[in-house]
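Comments concern the structure below.
The values are calculated or read from the model by the stated rules, or taken from the named source; none is laboratory data. Computed from a predicted model, the values in this text were never measured in an experiment. Virtual Cβ from ideal backbone geometry, glycine too; neighbours counted across all protein chains shown. Remember, those area values only see protein heavy atoms, side chains included, never the ligands or the DNA or RNA. Shrake-Rupley method; radii C 1.70, N 1.55, O 1.52, S 1.80 Å.
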Amino acid sequence: MMATLPIDGEDRRVVLSVPKNGFVYLLDAKTGEFISGRNYVPVNWAKGLDDETGRPIFDPAARYWEAADGEPTIILPSNAGAHDWTALAFDPQKNVLFIPAMTMPERRERTASGEYSYDQRHGSQGDPEWQAFAELVAWDPVTQSEVWRQRHALPLNGGALHTAGGLVFQGTAEGYLNAYDAASGEQLGSFAAGGAIRAAPSTVVADGLQYIVVPAGAPSTSAASAGLTDYSSTKESRSRPRLLAFVLGGDAPTPAWAAQLTFPKPPVDRYPPEAAAMGEAIYEVAGCVACHGYGGRSAGGAAADLRMRLPANLEYLKAVLGGALAPRMPEVELDDAGTEALYAYLVNTAWRAYEDADSSRR
């Protein structure tokens, strides 16, 4: 983001960069010179930035790049980063930057082969010290210091919008459009959108009225959102995509939330658990998770929820992996054993969803 800021007593055109690594960078827009930088979320892989170059000062104690066998380590920020593509916002009058930030602890462990295994869902497995969450951070880039921050329960939320009236808007994974006082961070309102919000709101004026416009619903166009379904939405907020306009005095009903999912009884018998366990690893390594989500739970859209649309048989799955649905789905190279293991995982996952839904109805 470009801005003009008072640096050392004079106005200076700068670039505000907030990449994945957890630091805010202030750079000279003309020369690229590093001016200042600081972490805006917890960072455990670096001790700070070099004052001259802006390069990270690696923390030898972290040892995340050489974790020994059987000695897992937790990395902050994770591979997903502390800030992704979601839009920043900026107040040019008070020189405050608004950052949609996320904390998703990542557990890494070096395996016997020398490769790394990692689990980005570690924080959701009951350890409160490593719980995943998000924040909307108001940041002063001149002093590189926090102004305020608001915490969200789920880490993948929408981008930010700042208005001249002194408000900041951000949508959430739970399906609400929140409004904050830009100066204090006080939440002034929370408005039901009926669906998860990942994009940034926009604002327009028509016939003298100011509207806040934002898309809401199942965030299936983002591989990160679809792959990390439980982080980017709730069951209720995985509704059909729609475009919403909010206005003061608006009286339209709250958009409908997602209906409870029902799952058909799988047409094939379960596989042994050990076969499904191998298939789960293949499902993630082969990249299926990026679109179809963990456990086949797609956030919606073109990527099918594989608990509902289980491949009819092994031969059909082989055809799909071989490119039968290209270009909508790319070809995936797996041998016969790998394909059967993947099918076993999908079958058992579909059975689990069916039985869980059936027990909830009783």
Please state which one of LEU342, LEU321, LEU310, LEU317 is open to solvent by 20 Å² or more (accessible area, probe 1.4 Å) and either in a helix (DSSP H, G or I) or hydrophobic (A, V, I, L, M, F, W, C) (or both).
LEU310
So in the range 246-259, with the set limited to residues that are open to solvent by 60 Å² or more (accessible area, probe 1.4 Å) and in contact (Cβ under 8 Å) with a residue 40 or more places away in the chain, which one is nearest to GLU174 (Cα to Cα)?
TRP257
Of residues in the range 36-50 being in a strand (DSSP E or B) and of a type in the set (D, E, K, R), the one least open to solvent (accessible area, probe 1.4 Å):
ARG38
Those residues of the range 228-245 which are over 28 Å from MET308 (Cα atoms) and surrounded by 18 or more Cβ atoms within 10 Å (Cβ to Cβ), in sequence order
LEU244
Scanning the range 169-214 residue by residue, the ones that are aliphatic (A, V, I, L, M), over 18 Å from the mean Cα position of the chain (by Cα) and part of a loop (DSSP other than H, G, I, E, B) total 3
Restricting attention to the range 1-35, which residues are of a type in the set (Val, Ile, Thr) and in a strand (DSSP E or B)?
THR4, ILE7, VAL14, VAL15, VAL24, ILE35
Candidate set from the range 251-305 (those that are of a type in the set (Ser, Thr, Tyr) and farther than 22 Å from ALA326 by Cβ); member that is nearest to the chain's Cα centre (by Cα)
TYR294
Going by what's in this entry, would ILE74 be described as touching a helix residue (DSSP H, G or I) at 6+ places or on another chain (Cβ under 7 Å), touching a residue at least 40 places away in the same chain (Cβ under 8 Å) and either open to solvent by 10 Å² or more (accessible area, probe 1.4 Å) or of a type in the set (Gly, Ala, Ser) (or both)?
yes
Is it true that some residue in the range 319-337 is out of contact with any Ser or Thr (no Cβ under 7 Å at 6 or more places or on another chain) and within 16 Å of GLY295 (Cβ to Cβ)?
no
